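Where a number appears in this text, it was derived from the coordinates with a stated rule and is not lab data. Predicted model only: the values in this text are computed from it and were never measured. Cβ: placed from backbone, ideal geometry, glycine included. Neighbour counts: every protein chain shown.
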Amino acid sequence: MHFLCRCGYRLHDSSDLISYKGTIIADQDMNEFWSLIEKAEKPHAEICDIFSSLNKLMMRCIYQCPSCGRLFIEDQSDNYQLIRFTPCIEGEPEPDVSKNLLISAYEENWKGSITAEWFDEKPWWSECHGTIMPQLNVRLDDLKFDDYPAFEKRFYELLDDLKARQLLNYAVLKVNGRKIFCWQE
Ligand SMILES: [Zn+2]
């Protein structure tokens, strides 16, 4: 699923752990939420029931455009259509708001992943042979390569650095579609 923000930015919802997506639980549902957690903690035989009940409580999604800060909230009473909200101060659109309202509670200390992919033959959709794609709340530079040794060196450098900073729980290195290295916490 993807949709366009009013500002032109395209928001994608086709993977897990998206930094601009969240879930809303209604305050009126919180008691049920905690009793489901309590039930899950005790020996029980209704794993599916607990999962589907939690899923139902957490159906409503919220997105924030990372470019302009507009919010989109799903309207459960209208087929989960997205309702757009523009940040305003005294009725005037206010562009200077945090664009990270929906990142993890761990903020920049959130543990994420890096995926590095190299293709000997440059794919039509890529501007270079090798790309390192981080899913992290810290900014990384120098992630595109046309030289394999430099690409591989950078990957292992990042792996060591991010592991030392406790920012990583998964890293994978793929060459021509084959996984040649994988690390998981
Ligand atoms: Zn936008």
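Tabulated results
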| item | result |
| --- | --- |
| Of all residues in the stretch 132-151 being in a helix (DSSP H, G or I) and free of Cβ contacts under 8 Å to residues at least 24 places away in the same chain, the one that is surrounded by the fewest Cβ atoms within 10 Å (Cβ to Cβ) | Pro149 |
| Unmet requirement for Leu162, which otherwise passes all of (1) outside any strand (DSSP E or B); (2) without any contact (Cβ under 8 Å) to a residue 40 or more places away in the chain; (3) within 23 Å of the chain's Cα centre (by Cα) | (2) |
| Answer from Ile25, Ile47, Ile103 - the residue that is within 18 Å of the chain's Cα centre (by Cα), aliphatic (A, V, I, L, M) and more than 16 Å from the ligand (Cβ to nearest atom) | Ile103 |
| Residue that is nearest to Ile37 (Cα to Cα), among those in the stretch 56-100 that are of a type in the set (Phe, Trp, Tyr) and within 16 Å of the ligand (Cβ to nearest atom) | Tyr63 |
| Strands (runs of 3 or more DSSP E) wholly inside the stretch 51-131 containing at least 2 residues that are of a type in the set (Ser, Thr, Tyr) | 112-118 |
| Hey, Arg10 within 14 Å of the ligand (Cβ to nearest atom) and in contact (Cβ under 8 Å) with a residue 60 or more places away in the chain or not | no |
